[in-house]
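Written out below as structure tokens is the structure these notes cover.
The values are calculated or read from the model by the stated rules, or taken from the named source; none is laboratory data. Since this is a predicted model, take the numbers as computed values, not measurements. Reconstructed Cβ throughout: ideal geometry from the backbone, glycine too, with neighbour counts over all protein chains shown. In case anyone asks, the SASA skips ligands and DNA or RNA and just uses the protein heavy atoms, side chains included. Shrake-Rupley method; radii C 1.70, N 1.55, O 1.52, S 1.80 Å.
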Amino acid sequence: MAEVLERVTKIIVDRLGVEESEVKVEASFKDDLGADSLDVVELVMELEDEFDMEISDDDAEKIATVGDAVNYIQAKQ
Amino acid sequence: MKLTGKTAIVTGASRGIGREIALELARQGASVAVNYAGSEAKANAVVDEIKALGVAAFSVQCDVSSSESVSAMIKEVIEEFGQIDILVNNAGITKDNLLMRMKEDEWDAVINTNLKGVFLCTKGVTRQMMKQRSGRIINISSIVGVSGNPGQANYVAAKSGVIGLTKTTAKELASRGITVNAIAPGFITTEMTDELNDDLKGQMLQQIPLAKFGEPSDIAKVVSFLASEDSKYMTGQTLHVDGGMVM
């Protein structure tokens with residue numbers, strides 16, 4: 001969990017230009033971290049590259065918070 | 001040479017306007033993936049002509065109306081070239097008929113290749129272009145997509161749809177450095193237009209202020225402009241290249 005969260009957090013900080021302290025598990029990409037729809041699409045693309053997995057469009061649509069992303073990745077690994 | 005070091009995919013590049021677009025991009029220095037649906041020998045001839053110019057090229061078979069086929073093509077181009085700077089959505093077919101006689105399969109075939117194909121290829125390259133933070137998408141519409149044309153309900157609907165798709169894609173991708181523009185060719189002499197009868201050609205000529213039909217190179221030069229830095233402040237536009245037929 002810790003390692004996945006750390007890697008996900010780094011990508012979010014780089015991509016969205018937010019502070020690491022803002023990236024909480026319950027934080028919503030759009031509502032709390034200032035991402036627009038396209039930012040979320042890009043985040044998912046980067047997660048795919050970082051964790052070497054394919055995230056289908058259907059699954060990607062369900063990823064709304066930092067926790068959603070971490071849980072999804074852990075379940076797939 | 002305006003496009004040195006760039007890489008391009010041109011759909012429907014084995015013949016007609018697409019062939020000339022592929023050659024013109026290559027003359028400007030771009031490496032070109034020459035897409036074809038069925039004419040492998042003609043596509044390979046285009047590849048040979050491009051290689052003779054000293055830039056890289058290869059042919060890639062793909063039915064643009066099939067998402068699997070498009071995914072495979074994009075993957076192959078990225079493996080071959082490492083990047084995709086330019087996509088020219090040119091592949092198109094016609095199945096003309098009066099609305100009252102048009103069969104459902106004629107409608108579907110034209111919409112699938114000419115409109116859905118643009119959607120699929122655009123979606124396919126967007127991931128790569130977003131990562132690059134740059135890209136040029138050029139859609140070949142048609143002047144009849146603006147004016148309408150009897151006997152071409154399917155073709156006109158698709159080409160008009162391409163103009164709307166161009167505007168939306170331009171708005172969605174602008175923040176990522178990707179521009180999307182369309183060209184609406186008028187009457188360009190190709191195999192596709194050779195099939196029209198002389199009466200119709202005569203009538204059309206009367207509607208063209210510049211009083212002649214266009215050549216594929218007239219379109220290819222504008223594609224080359226839209227693919228280059230010269231057009232960097234343009235997006236979402238449809239350029240009429242039609243001798244002044246529709247203003």
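Candidates B:Met100, B:Met73: the one that is away from chain A (no Cβ under 14 Å) and farther than 22 Å from B:Leu25 by Cβ is B:Met100.
Cβ-Cβ distances below 8 Å connect the following pairs, each with a first residue in the stretch A:33-44 that is facing chain B (nearest Cβ under 9 Å), a second residue that is polar (S, T, N, Q), and a separation of six or more residues or different chains: A:Leu38/B:Ser175. Per the conditions (1) away from chain B (no Cβ under 13 Å); (2) touching a Phe, Trp or Tyr at 6+ places or on another chain (Cβ under 7 Å), the sole criterion not satisfied by A:Asp58 is (2). In the condition set (1) open to solvent by less than 70 Å² (accessible area, probe 1.4 Å); (2) over 10 Å from the mean Cα position of the chain (by Cα); (3) more than 14 Å from every other protein chain (Cβ to nearest Cβ); (4) among the hydrophobic types (A, V, I, L, M, F, W, C), A:Ala75 is compliant with all but (1). With respect to being more than 21 Å from B:Thr193 (Cα to Cα) and either surrounded by 14 or more Cβ atoms within 10 Å (Cβ to Cβ) or touching a Phe, Trp or Tyr at 6+ places or on another chain (Cβ under 6 Å) (or both), B:Val55 fits the description.
Only residues that are part of a helix (DSSP H, G or I) and surrounded by fewer than 17 Cβ atoms within 10 Å (Cβ to Cβ): list them for the stretch B:110-149, please. Once the filter is applied, which keeps residues that are part of a helix (DSSP H, G or I) and surrounded by fewer than 17 Cβ atoms within 10 Å (Cβ to Cβ), the stretch B:110-149 yields B:Lys123, B:Arg127, B:Lys131, B:Gln132, B:Ser147. The criterion of at least 3 residues that are surrounded by fewer than 16 Cβ atoms within 10 Å (Cβ to Cβ), more than 15 Å from the chain's Cα centre (by Cα) and away from chain A (no Cβ under 14 Å) is met by the following helices (runs of 4 or more DSSP H) wholly inside the stretch B:165-242: B:198-206.
Condition check ((1) within 15 Å of the chain's Cα centre (by Cα); (2) within 14 Å of chain A (Cβ to nearest Cβ)) across all residues:
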{"position": "B:Lys95", "(1), (2)": "no, no"}
{"position": "B:Glu104", "(1), (2)": "no, no"}
{"position": "B:Asp108", "(1), (2)": "no, no"}
{"position": "B:Leu115", "(1), (2)": "yes, no"}
{"position": "B:Gln132", "(1), (2)": "no, yes"}
{"position": "B:Pro150", "(1), (2)": "no, no"}
{"position": "B:Lys159", "(1), (2)": "yes, no"}
